[in-house]
Structure formats: structure tokens, C-alpha cells
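Taking it in order: structure first as C-alpha cells, then the write-up.
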Amino acid sequence: MHELAQELLAGEEAWIVGGAVRDRLLGRELVDLDIACREPKRAARAYARSSGGAPFPLSERHGAWRVALEDGRTVDFTPLPDGIETDLASRDFTINALASPLHGGEPVDPFGGSADLEAGVLRAVSETIFEDDPLRLLRAVRLEDELGFRLDPETERLVRANAHLVTAPAGERILVELRRFSPDGFLRLDELGLLAPLGGTLGRQKRLDACDHPDYPLVVVFDENLRRLPVSNETRRFARTLLTAKPPADDSDRELHRLRRATEPWSLEALEFIGASAFRDAVIAARQNDPAEPLLRGDELDLPAGPEIGRLLEEIAEERAAGTITTREEALEYARRNARTVLEDS
């Protein structure tokens, strides 16, 4: 990424800024590149043509552009209207207010970011950083979480003083930050007074790290309030499944089948969420013993089209799981005996 940018911006003033400089100094893998230059739009389009990436405006207000690369990495081009030191003064934390000339040379560090990197300290560039962009409240805690740093006392005071602003950013931006939090990060959000305004609680905090599913911590922390955030339909289904799950009465095949019918493909996550992990091994075994094909299909039943067919097939599947039905003939006989009852119930 670096070499292509050097080629395209040869002879122009351009700086690598922010997280890219920070991560290089920390020895972390470079995932995204942030370049400050005079003409971000032109630079982004040229970079996209040469790299095969997709350019789009990142901020109409500030004139920043992003190029999304096929491997998931991004290159951002931000404007440089008044020189690099003015640019760095507008950034959030000293460890991100670092710049290195794209074409080589001495780095610029007007706020002591290098020293804070060595000390593991997250320090605000100015007292107004959270008023300028309230999303930085979440970013402060996320950077603490990811880097293992700690807010300096004055910056922590500013976070607490501006906690009421945490709901101001667009929901999409808030969600991007929240998805990156570890269990410890959510605990820190609560400690700083940032979690409750977003609708989160730690009533189930002991279950925060029980599953690897990326949306599991969000359901644990936000419960029904997750609907306030612009999550996908898939995430909404996942949350609804966990929030409505009920533990099986016992580990019988019938009870496990009913649990799985209500919660798959997230039965294991649901068990952790409702505190019923004792059934985990039984659910895994039931999955492994799932039959490859159903005993009957709907078009094999001599019934008019309608929801009763699906209900009848569900009953047959449950009886099969419980071991009371094992053959196609037994399934047909069950259907003959119970079709009228199912029809009457509907």
C-alpha cells in the first residue's frame, strides 16, 4: 500500500498519519493506511484505478476519501489545507497525532505521542475532542481495550464529563465501535458512565465471554435495547432467538428436539445465554445424530395445502427424535391418525 501511494503522489506533499504511524511504532500489523494530502479525491481515484479498489467519499464535510481494497484493507486520503501540524491538532489522542512523510524524512510529533506510546497512555490532544466528535468517547475505551493502554487522569475526567454525548453519533458509527469491544471493554464502558446511556447493562456480565459469536456480547449487554441500534435482520433474529429461549425440562430426546426447533442454528449460544450450558454436550450429540432425510415430505400427505401440513411434519419429526417413530410407514400411520386433530386445532 505504501509503495503505490509513494508512486502516485511523487513530488507532492503527503504524510502518513494517525493509526498507521502508531501501529508501526508499536510493531502491529498495518491494516489501514491514512494519508494526508492536498487533493484527496484525485489521489483516491488514482489509487483505486491502480489497485483495483473501490473509491468513495468518507466525509463530504471534511473532504476525506476512502479506497476499499479487495483484501478488506482500506486507504484513506484526508485533506491537508493548512499544513500537517494543523491537521494533527485536530486529531483525537496524542498517539494518533503523529505523522511521517510519505516520501521519507523526520516524523512530526507535536503533542508527545511517541512518549505516550512508550508509557501506554491515552491522552487527549485538546479539551474539546469529545465535543468535536462524540464517537471518540467510545473510541477512547476501545483503544484502551485493544492496545492495553490507560486513559490519563485528565482525559478520563473529560470522558466522564462528556458521557451524555455518547448517543449523539449515528447508530451505524456506534455499532462499528461496539462490535470491537471485548468483555473487559464493556466493563470499562460501564465504569466510565458510557454504557447506560446507550441502553446497556451488565446484569449478565459473567456470560459475556461464553461464546465466540460476534453478536453474542451485544445481546448480553443490550438485551431488548439492541433494537435501538441499526443491526442487520440476521442479528435481530439471533437476538430474538436468545431472548426467547427457554431451558429444556430435562435431557430427553424430545426436550432437546423442542429446544433445537426453537433455537437452531444458535442452540449452543442460547444455552449459554439462559445459563443452561449443562445441556451443551447433549445438543452437540443430537446434531451429530440428525437424520439425513425426513421420513415424509408434505406432498406425500393427502391433505390440502396449508399450515397444518407443516405442523404435522413437525410433530412427526419430534416423534422420530423421541424414538416413537422410526419408519416411513409409521410416519404415514401417525399422519392418518392425527390429521383430523391437527386440522381442528388450526
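A short reminder: the numbers here are calculations on the coordinates, not readings from a lab. Quick caveat: nothing in here was measured; it's all calculated off a predicted structure. Every residue, glycine as well, gets a Cβ built from its backbone with ideal geometry; the counts of neighbours run over all protein chains shown.
Numbers at a glance
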| read-out | value |
| --- | --- |
| Potential lengthening between residue 326 and residue 86 on full extension [0.36 nm per residue; Cα-Cα distance subtracted] | 78.8 nm |
| Using θ = phi - 60° and Karplus 6.51 cos²θ - 1.76 cosθ + 1.60, couplings along the stretch 213-223 (whole Hz; Gly, Pro as x) | 4, x, 9, 4, x, 5, 5, 4, 7, 9, 6 |
| Loop-located trypsin sites (Lys or Arg not before Pro) in the stretch 1-60, at most 16 other Cβ atoms within 10 Å (DSSP) | 28, 38 |
| Cα shape, the stretch 249-319, gyration tensor, a/c 1.5 rule | prolate |
| Positive-end extreme of charge dipole, the stretch 1-128 - chosen from 31, 50, 103 (charges on Cβ) | 50 |
| Environment charge at residue 179 (Cβ cut-off 14 Å; Lys +1, Arg +1, Asp -1, Glu -1) | -3 |
| Pairwise FRET efficiency - residue 246 versus residue 170, Cβ, R0 = 35 Å, nearest 0.05 | 0.45 |
| Neighbour-limited loop hits for trypsin sites (Lys or Arg not before Pro), the stretch 210-313 (at most 11 other Cβ within 10 Å; DSSP other than H, G, I, E, B) | 297 |
| Computed magnitude of the charge dipole of the stretch 185-317 (debye, nearest 20; Cβ of K, R +1, Cβ of D, E -1) | 620 debye |
| Beta bridge orientation in the chain: antiparallel %, DSSP, nearest 5 | 70 percent |
| Amide H contacts under 5 Å for residue 83, placed H, 5+ residues apart | none |
| Computed E for residue 131/residue 45 - FRET, C-beta separation, R0 30 angstrom, nearest 0.05 | 0.35 |
| Potential extension, residue 314-residue 10 segment - 0.36 nm per residue separation minus Cα distance | 102.7 nm |
| Cα-centred dipole magnitude for the stretch 1-137, charges only on beta-carbon of K, R (+1) and D, E (-1), debye, nearest 20 | 400 debye |
| Those GluC sites (Glu not before Pro) in the stretch 48-124 that DSSP places in a loop and that have at most 14 other beta carbons within 10 Å | 60, 70 |
| Charged-residue dipole, Cβ positions (Lys, Arg, Asp, Glu), the chain about Cα centre, Debye nearest 20 | 560 debye |
| Proximal charge balance of residue 148 [Cβ under 14 Å; K/R count +1, D/E count -1] | -2 |
| Between the stretch 1-44 and the stretch 289-327, the Cα center-to-center distance that results, in Å | 60 Å |
| Among 301, 178, 276 the positive-end extreme of the charge dipole of the chain (Cβ point charges) | 301 |
| Segment residue 114-residue 29, extension gain: residue separation times 0.36 nm, minus the distance between their alpha carbons | 28.8 nm |
| Net charge over other residues, Cβ less than 15 angstrom from the Cβ of residue 169 (K, R count +1; D, E count -1) | +2 |
| Rounded if a/c under 1.5, otherwise prolate or oblate - the chain, Cα gyration tensor axes | prolate |
